[in-house]
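Participant: Here it is, the structure, as structure tokens.
The values are calculated or read from the model by the stated rules, or taken from the named source; none is laboratory data. Keep in mind that this is a model prediction, so the values were computed, not measured. Cβ placement follows ideal geometry from the backbone for every residue including glycine, while neighbour counts extend to all protein chains displayed.
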Amino acid sequence: MKIYLLKYFTAVFVLFFCFSRQAADKLDVIVIDAGHGGKDPGTIGLSGVQEKNINLPIAIKLGSLIQSAFPDIKIIYTRTQDEYTKVRELSVLANNNKAKLFISIHSNFKKKEETEKNGFEVYVLNMERFPEAVSYTIKENSILKFEQFGRDTTDNFIFSSLAQNGYRYFSELLSSGIEANMVSMTQLASRGVMQAGFWVLVGSSMPVVLVECGYLSDPNDEKFLSSSEGQSAIATALYQGFVNYKMVYEAE
């Protein structure tokens, strides 16, 4: 029992050290995902606009703002044109490049049985899928160096669980900043920060948020999302949320 407790607290200390070092590091690699693309148009708006063609310009504008202000940051786009990438490959891309942050951009459409909906939503990992995220993180030995304190199943589970808790903390920090800036900088109403089990949230071994920028089933949202001005406003709001997050992340 004493040996187990010693290993447990060693794991906690190692993770605390790793996250302290990570938080002290700069956000040097960021993945920006323009949801859907190619043969996958995403949702279709009232006017026939395809979601994939809304998400991409927002993603490019966001990346350009970040790159202009922080030229040392490496921006990795999951796509820069109308091409299809499998969902599970997105988190693999982020993990392999040891990204410090993942932002996924989407647009929404209400289900037939739902009442009228409008506004944006920001998603973080649903705790019901937390065990799956932990299991996935255990496999990411190239990202998390388990050998620092042990190699057995218990060690890996403890480390992965603490790591996912750390990712979730930073994801929630970013999501709250994005929500505040989207409210102040766009014409879109906030539907709040929510939990979901989207694969990019489960499979990414880093802080990650998914933003549903608005409802293409709502005429006002669709008009705003389809306009260059609206896309720029959303990108600017996401950028400012990132800047606020970056200051806290690097300060901690």
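Participant: Test of understanding: among Val122, Val87, which residue is modelled with pLDDT under 95, β-branched (Val, Ile, Thr) and under 16 Å from the mean Cα position of the chain (by Cα)?
Facilitator: Of the residues listed, the single one that is modelled with pLDDT under 95, β-branched (Val, Ile, Thr) and under 16 Å from the mean Cα position of the chain (by Cα) is Val87.
Participant: When the residues of segment 28-87 are filtered to those that are surrounded by 19 or more Cβ atoms within 10 Å (Cβ to Cβ) and small (Gly, Ala, Ser), which remaining residue is farthest from Lys246 (Cα to Cα)?
Facilitator: Residue satisfying both the conditions and the ranking: Gly45.
Participant: Based on what the data block shows, is Ser107 buried (at least 22 other Cβ atoms within 10 Å of the Cβ), outside any loop (DSSP other than H, G, I, E, B), at negative phi and at pLDDT below 95?
Facilitator: no
Participant: Every residue in segment 79-112 that is over 27 Å from Gly48 (Cα atoms) and in contact (Cβ under 8 Å) with a residue 60 or more places away in the chain, please.
Facilitator: Of everything in segment 79-112, those that are over 27 Å from Gly48 (Cα atoms) and in contact (Cβ under 8 Å) with a residue 60 or more places away in the chain turn out to be Arg88, Ser91, Val92, Leu93, Ala94, Asn95, Asn97, Lys98, Ala99, Lys100, Leu101, Phe102.
Participant: May I pose another question? Looking only at segment 233-252, count every residue that is more than 17 Å from the chain's Cα centre (by Cα) and within 15 Å of Val211 (Cβ to Cβ) and tell me the total.
Facilitator: Residues meeting the conditions: 1.
Participant: Quick one: would you say Val200 is closer than 15 Å to Val124 by Cβ, touching a residue at least 40 places away in the same chain (Cβ under 8 Å) and surrounded by 24 or more Cβ atoms within 10 Å (Cβ to Cβ)?
Facilitator: The answer is yes for Val200.
Participant: Anything in segment 77-92 that is over 19 Å from Lys39 (Cβ atoms) and aliphatic (A, V, I, L, M)? List them, or say none.
Facilitator: Correct list: Val92 only.
Participant: Please specify each residue of segment 224-252 satisfying the condition of being surrounded by fewer than 17 Cβ atoms within 10 Å (Cβ to Cβ), of a type outside the set (S, T, N, Q) and at pLDDT 95 or above.
Facilitator: Glu229, Val243
Participant: Hey, another quick one. Cβ-Cβ below 7 Å, separation at least six or inter-chain, first residue in segment 47-61 and assigned to a loop (DSSP other than H, G, I, E, B), second hydrophobic (A, V, I, L, M, F, W, C): which pairs?
Facilitator: Val49/Leu216; Glu51/Leu216
Participant: Say whether the condition of being crowded, with 17+ Cβ neighbours inside 10 Å, part of a strand (DSSP E or B) and among the charged types (D, E, K, R) is met by at least one residue in segment 165-186.
Facilitator: Scanning segment 165-186 turns up no residue that is crowded, with 17+ Cβ neighbours inside 10 Å, part of a strand (DSSP E or B) and among the charged types (D, E, K, R).
Participant: I need a count of the residues in segment 194-238 that are in a helix (DSSP H, G or I) and of a type in the set (A, V, I, L, M).
Facilitator: Qualifying residue count, segment 194-238: 9.
Participant: Name, by its number, the condition in (1) at pLDDT below 95; (2) in a loop (DSSP other than H, G, I, E, B) that does not hold for Phe17.
Facilitator: Every condition holds for Phe17 apart from (2).
Participant: In addition: Only residues that are in a helix (DSSP H, G or I) and either charged (D, E, K, R) or over 12 Å from Ile103 (Cα atoms) (or both): list them for segment 62-72, please.
Facilitator: Ser64, Leu65, Ile66, Gln67, Ser68, Ala69, listed by residue number.
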